[in-house]
Amino acid sequence: MHDLLQRFLSLPWDQLPQWLFLIPAGIMLLAAAGAVVFRNLIHCALWLVLSFAALGVLYMALGAEFVGFVQLLVYVGAVSMLVIFAILLTPSDEVSASNNPLVHFKLSSAVNAVIGVAVTGLVLVGLLAAIFFSPRAGGVTLPAVAPTLPVAKIGENLLSHTLLPLQAVAVLLTAAMIGAALLAKEDKRS
Amino acid sequence: MDFLLIALIPLLPLVAAGLTALLKREQKALSATLVIGAQTVACVLSLWALLLAMCADNGEPGLIHEFVNFPWLTFGHETLKLGLLVDPLSGVMGAMVAFVALLIFIYSHGYMKEDRNYTRFYTFLGLFSGAMLGVVYSNSLLLTFVCWELVGLASYLLIGFWFFKPSAAAAAKKAFLTTRVGDMGLMIGMFWLYKAAGTLLFYDNGAGCLEQAALATMAKTLVGGLALSNIIALLIFCGAAGKSGQFPLHVWLPDAMEGPTPVSALIHAATMVAAGVYLVARVFPIFAATGTHSISLIVVASVGAFTALFAALIAVAQNDIKRILAYSTVSQLGFMMLAAGVGHPGVAMLHLIAHAFFKALLFMGAGSVIHGVHDEQDIREMGGLRRFMPVTFVTYSIGMLALAGFPVLFSGFWSKDAILHAAHLWPVSQLPFYMATAAAFLTAFYMTRQMAYVFFGQYRGHAHPHESPAVMTLPLVILAAAAILMSLPATPAWPAFEEFLKGEAAHFSLEGLTEPGFLQIALTSTAIVFLGIGLGWLIYGRKPLGAVDPIQTAAAPAFRALANRLYIDEIYDATVIRALHGFGSLAAWIDRQILAGIVSAVAALSFFVSAVSNGIDRFVINFGFDNSCNALREYGGAAASCEGGRVQGYLRLIALGTVILLAVIGWLLV
Amino acid sequence: MLQILLAISAVLFCFGLLATLTRRNAILVLIGIELMLGAGNLNFIAFWKFSANPEALTGVMFAIFSIAIAAAEAAVGLAIVIQVHRRLHSVDVNQATQLKG
């Protein structure tokens, strides 16, 4: 078993074709599209989980293993659970409304959607134009040595250069936890 | 020395307060046990620290001066350190604070028994005690400042303990805001000190800010005879004046009497208000960096002398038993500041300790009186109580005689004499000496007046006075004993106490008695005290007292001015508060006239946009059948109010803005 | 390659934006925000990988903090959604207009 693991690790991972990262990226985009378009909220949430997981794999493929694992832990593990719980706690009429679209069809919502799609399209075009046609585009090459991400160094960084932000985030998370608990609490008075 | 045990002194009450905060309202016994138990241990430890401070390891007296420093925060190349310090000064102060606090904690059990927020009261008391002991044992101005603010918070919470009384809530707010004004100065002084000395530690083996190297750099003259050390010292004095109720920041202290009486005794008489004096004594080397007649010390002495006289004057015309004591506290704090200002912080500390005992005694006695006559505080509604409350009467009399400075037997006599003596020897000016003498006379006078009103004559109220329970009278007896016994170390050997505080070997001798001028001063002050008491008795003691004060009939305008506290509050209302109010109105005007104009313009613009969009809806995208027309109109209405509260509308605009931004950037780049 | 990564991130961002703009369910709006944050993180990682001095770890630290803050945001956001549902019996973002000026 140990032998197998050793052999697996000593495979020439560095020499994999560069385009391989497109696989998780593609899965991620497809899943994100699914999370956006489906009617059923639970389906949306499941697609979202897949999208997050693929994003984590993409991080790993880019060499940021630690961030990838954090992504898996925080998003796939925690945030998705929150989302699913929230969906289950807030029964919505959106699903039932879709049963008979003609009755509930409102032109304003259609116009809403059209404008939303148009604005999004504009943003996309703008972003892509900025990425591919800006004067400095294409001038970047990979550094000579592929960057590595030793976890010990992250820890060192966290506790030296970014100590203050780290503590601030700790306070923020505590405040968010208390705030979330307070907000979601049943209001006894009403 | 084991500093873990020293650290426990402030930490124990704090932890006890934290635990008590988790208890339920009904768990009264448990909360009191926790806090009083922790305070007992802290008290024992602080007495041990005092013993350590008195005898160094080799057994010689009064030489110990030990500290421990530890890093707290590192940012960039700077490391902020905190530390603990045991020296005679902190040893004496800590023992006093812990002891008085313990007595008052026990007393509170009797006083607050019926209060439904009893548990919370003990939580606040523990918080206060921990923070105050932190101020005492701190070896870093930063730690002192942190605890200083915590003490202020505890004071705020306790003054406003009966927050359902509007007056108490207002008094708490007033205390918090007024002391904040002074603390602003303290904070700026602290920053400046850090810039000048590079450290906030008091002592650090030669690198601390109270040690020779730092003092020498700070003593360089900046401008017009002012040295950097003087400016920093004055800024620190701002904080001390705020906390210790010195003129012109004294206004909060009398109002603070809205809090429960144990709080008045503990915080607003014995410990917290003395923290300002302690701070001045602690950083005295900065004050005296340019010599003992530096500008900063002259300011301290002047403020102190003025406050002593001014508050004593006001106290003459007050009718609330606690308010008289409050003004008396302000006046006595003025005495202490005067002593520090004329270059004798040791004398200031001597009076501080003596005052803490007899003033706590007086306040607790007043609490006992208030308790006994069923929450009446007006001395005109009392009278003749010596028959109903003998223990309270005897102990209160001892406190009164100590405060008035009755000769020989009482601690107040010796410490006050030491101050008068120090002021007399001040070469800069004799004016503070005369002001202090006048204040001493007035002190004897108004205390006699109070005694006459409360304990002599006939009972004028309508309740049924009774003596308080033993849990309240026992601390009174202990404190009364302390008020007398404190005169032993306070005898004319007081230079010994001062030397001891400086950390030098103290020579206990009676040489002080033969020091030039001492006997004269002692005789003068004795005469002054007898004059004050005699005059008070002459005016108030002989005839039955009515609702109108005898002085009021004799000199009505003066009495009215004094009774209205010389209109200081009104002056503040007319100047500072009105200025603030005016500024607020100006801001409101700008808000209404200018900002509202912009908002209206935006609104008009959005109306225009909506009109256009409505028109487009109606005439361009008109599909010709009613249903869609209505729907279109609905959408037009939605777009009409860009501020309609619809999140997605805003988002859409943000996204559009982003696109425009991208376009502009792209255009600029290409 | 950097451009391709950025393009992927841009597309992901636009999916998020689309959800935020067109879906009326507040939870889906939140999902859209999470997707946009993910796109931002992807940018951080991409720029880190192609930066002149990747040893400084700037991009990675940013991404880690951003994930932490996104987690806090999701928790509070979803709690607000639940409370809104309790009050209005709906999670339609266009019905929660009581705070308008």
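The values are calculated or read from the model by the stated rules, or taken from the named source; none is laboratory data. What you see is a predicted model; the values in this text were computed from it and never measured. Heads up, the Cβs are rebuilt from the backbone with ideal geometry, glycines too, and the neighbour counts pull from every protein chain shown. Each accessible area value is taken on the protein alone, full model and side chains, heavy atoms only, with ligands, DNA and RNA left out. Shrake-Rupley method; radii C 1.70, N 1.55, O 1.52, S 1.80 Å.
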Q) Applying the selection to region B:79-112, what residues are free of Cβ contacts under 8 Å to residues at least 60 places away in the same chain and outside any helix (DSSP H, G or I)? A) B:79
(Q) Please verify whether residue A:84 is modelled with pLDDT of 70 or more, open to solvent by less than 90 Å² (accessible area, probe 1.4 Å) and at the interface with chain C (Cβ under 9 Å from one of its Cβ atoms), treating the condition exactly as stated. (A) no
**Q.** Of residues in region C:2-22 being touching a residue at least 12 places away in the same chain (Cβ under 8 Å) and open to solvent by 10 Å² or more (accessible area, probe 1.4 Å), the one farthest from residue C:77 (Cα to Cα)
**A.** C:2
Q) If residue C:25 passes every condition in (1) touching a residue at least 40 places away in the same chain (Cβ under 8 Å); (2) open to solvent by 10 Å² or more (accessible area, probe 1.4 Å); (3) within 7 Å of another protein chain (Cβ to nearest Cβ) but one, which one does it miss? A) (2)
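Within the bounds of region B:153-163, is there any residue that is β-branched (Val, Ile, Thr), more than 20 Å from residue B:236 (Cβ to Cβ) and buried (at least 22 other Cβ atoms within 10 Å of the Cβ)?
yes
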Q. Can you name the condition, by its number, that residue B:317 falls short on among (1) assigned to a loop (DSSP other than H, G, I, E, B); (2) farther than 30 Å from residue B:533 by Cα?
A. (2)
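Residue by residue, here is whether (1) surrounded by fewer than 24 Cβ atoms within 10 Å (Cβ to Cβ); (2) among the β-branched types (Val, Ile, Thr); (3) within 10 Å of the chain's Cα centre (by Cα) holds:
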| residue | (1), (2), (3) |
| --- | --- |
| B:229 | no, no, no |
| B:233 | no, no, no |
| B:237 | no, no, no |
| B:242 | no, no, yes |
| B:248 | yes, no, no |
| B:262 | no, no, no |
| B:265 | no, no, no |
| B:268 | no, no, yes |
| B:271 | no, yes, yes |
**Q.** Checking residue B:388 against (1) surrounded by fewer than 24 Cβ atoms within 10 Å (Cβ to Cβ); (2) touching a Ser or Thr at 6+ places or on another chain (Cβ under 8 Å), the condition it does not meet
**A.** (2)
**Q.** Number of the condition not met by residue B:421 [criteria: (1) under 28 Å from residue B:290 (Cα atoms); (2) more than 26 Å from the chain's Cα centre (by Cα); (3) not in a helix (DSSP H, G or I)]
**A.** (3)
Q. Hey, any hits in region C:67-87 for a residue that's part of a loop (DSSP other than H, G, I, E, B) and either within 14 Å of chain B (Cβ to nearest Cβ) or of a type outside the set (D, E, K, R) (or both)?
A. no
Q. Checking residue B:424 against (1) modelled with pLDDT of 80 or more; (2) closer than 18 Å to residue B:398 by Cα; (3) surrounded by fewer than 22 Cβ atoms within 10 Å (Cβ to Cβ), which test does it fail?
A. (2)
Q | Qualifying position, being assigned to a helix (DSSP H, G or I), more than 7 Å from chain A (Cβ to nearest Cβ), modelled with pLDDT of 90 or more and closer than 24 Å to residue A:118 by Cα, among C:37, C:17 | A | C:37
Q.
For region C:40-53, which positions are surrounded by fewer than 21 Cβ atoms within 10 Å (Cβ to Cβ) and either at the interface with another protein chain (Cβ under 8 Å from one of its Cβ atoms) or hydrophobic (A, V, I, L, M, F, W, C) (or both)?
A. C:47, C:50, C:51, C:52
Q. Hey, among the residues in region B:292-314 that are open to solvent by 30 Å² or more (accessible area, probe 1.4 Å) and part of a loop (DSSP other than H, G, I, E, B), which one's modelled with the lowest pLDDT?
A. B:292
(Q) The conditions are (1) touching an Asp or Glu at 6+ places or on another chain (Cβ under 8 Å); (2) within 14 Å of chain B (Cβ to nearest Cβ), and residue C:96 fails exactly one of them. Which is it? (A) (1)
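What about residue B:126, is it in contact (Cβ under 8 Å) with a residue 24 or more places away in the chain and under 16 Å from the mean Cα position of the chain (by Cα)?
Taking the combined requirement at face value, the residue does not satisfy it.
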